[in-house]
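Quick note: the coordinates plus some simple rules give every number you see, no bench work behind them. Remember, it's a predicted structure, so these values are computed and weren't measured experimentally. Every residue, glycine among them, receives a Cβ derived from its backbone with ideal geometry; neighbour counts consider all protein chains shown.
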Amino acid sequence: MDMPKEHSVWVTGGSGLLGHQVAEIFAREGIRVLAPRHADCELTDKAQVRAFADAAHPTLIINCAAVRKPDICAQNPEAAARANCALPRILAHLGVPMIHISTDYVFDGKHAPYEPDAVRGPVNTYGEQKAEAEAALEHLEHVLILRVPILFGPTDDLRNSAVTVLAANMLAARGVAVPMDDVAIRYPTFTTDIARQLVLLAPAVGKTLHGIYHYSGREAMTKYMMALSMLPLLGLTEEVCVPDRRPTAVPRPYDCHLSTASLEATGLFFEPTPFATAMALTLAHSDGP
């Protein structure tokens, strides 16, 4: 099912790591993309959001806007909640078909793999805020929630992703060994793949599809394992990183593997790109740290 070209997609967070890629991929498909700047529409202002929607007439909203760093959410939870909790409600209230991007951090990481209907149990502020937004949206028939794990993809700054920042840190260390978390299991996922998945889902949102689905890369890796995989691409050797098994200041779940079985059953699943291939494409695009 193709999305008619006369449709328009409002991508929030269009300047972010995922939102930028989503906007770019939809535009390549010939779909009109709306990605207003902050000066054009303050997303936490209900009146401005309504005024923009009334003027632009989006036929689909993809909400990629979020404060997604757990440390920042813990340091300033009120500010983070405006993006992570209030904004999804404001957008959903418009009644426009919507895809809301959520996270694997709504789970405690103790009972993987997780199906979409698994009980939420976040262990940090970021996860709590995203879980709160899900609870407000999950029963709305015009909303599809897509949970995704840790992300990486094309960016002009490797520090924009919790995955590629590992490469930036190793390059900046100039041979000094950098500690890398070797405890939490993550499933790094390519933003280009997510954007392609959203293109496939878009025509069905608010029609045959709503509720919660999962999309995830296939490979289980700690950050230390990710770093080791990047070494040949960076021209570095193993001496530049060491495993770190100390607890983090802000708790992270151990393993939040998201089962993609229900999404695959729709027949609209986009097969994830292998990590090494996707990372090579990402590093080739980047201008460096």
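A few comments on the model shown:
- Amide H contacts for ASP244 (H built 1.01 Å from N in the peptide plane; partners 5 or more residues away or on another chain; cut-off under 5 Å): MET180, ASP181, ASP182.
- Distribution of pairwise C-alpha distances over segment 1-77, 10 Å bins, in %: 18, 45, 28, 8, 1
- Close amide H partners of THR222, meaning residues 5 or more places away or on another chain with modelled amide H under 5 Å apart, are ARG186.
- Most fluctuating residue given options THR260, THR208, THR191, as computed from a GNM of the chain linking Cα atoms under 10 Å: THR208
- Full-stretch length increase - THR248, LYS207 - with 0.36 nm per residue and alpha-carbon distance subtracted: 10.5 nm
- Approximate spin-label separation ARG218-ALA136, in nm, with each point projected 7 Å along Cα-to-Cβ: 3.7
- Charge context of ASP193, other residues only, Cβ under 11 angstrom, K/R +1, D/E -1: +1
- Around the Cα centre of the chain, unit charges on the Cβ atoms of Lys, Arg, Asp and Glu (plus for the first two, minus for the last two) sum to a dipole of about 240 debye.
- Per-q log10 I(q)/I(0), segment 66-203, q = 0.17, 0.19, 0.20, 0.22 Å⁻¹ (Debye; single scatterer per alpha-carbon; no solvent): -1.08, -1.29, -1.39, -1.53
- Residue with peak Gaussian network fluctuation, the chain [Cα springs, cutoff 10 Å], from SER161, SER216, SER102: SER161
- Residues considered: ALA81, ALA276, ALA39. Largest GNM mean-square fluctuation over the chain, using C-alpha springs under 10 Å, is found at ALA39.
- Sites ARG32 and ALA79 - FRET efficiency at Förster radius 25 Å, r taken between beta-carbons, to 0.05: 0.20
- Antiparallel DSSP beta bridges within segment 8-285, as percent of all bridges there, nearest 5: 5
- Ellipticity estimate at 222 nm from DSSP helix runs (n ≥ 4, -39,500 (n - 2.57)) divided over the chain, nearest 500: -10000 deg cm²/dmol
- Positive contributions from Lys and Arg (+1) and negative ones from Asp and Glu (-1), summed over other residues with Cβ under 11 Å from the Cβ of ALA227, come out at -3.
- Note that segment 203-289, at 10 °C in a medium of 1.306 mPa s, gets a Stokes-Einstein diffusion coefficient of 98 µm²/s from its Kirkwood radius over C-alpha pairs.
- Reported to the nearest whole Å, the Cα centre-to-centre distance from segment 140-184 to segment 220-247 is 13.
- Here the Kirkwood formula, the inverse mean of 1/r across different C-alpha pairs, assigns segment 1-136 a hydrodynamic radius of 15.7 Å.
- For segment 8-285, the spread of Cα positions along each principal axis, largest first, Å: 56, 39, 37
- Relative frequency of Cα-Cα separations exceeding 24 Å in segment 118-276, percent: 42
- Residues whose amide H lies under 5 Å from that of ILE212, counting only those 5 or more places away or on a different chain, are ILE145; hydrogens are built 1.01 Å from N in the peptide plane.
- Distant alpha-carbon pairs in segment 130-174 (separation over 12 angstrom), percent: 68
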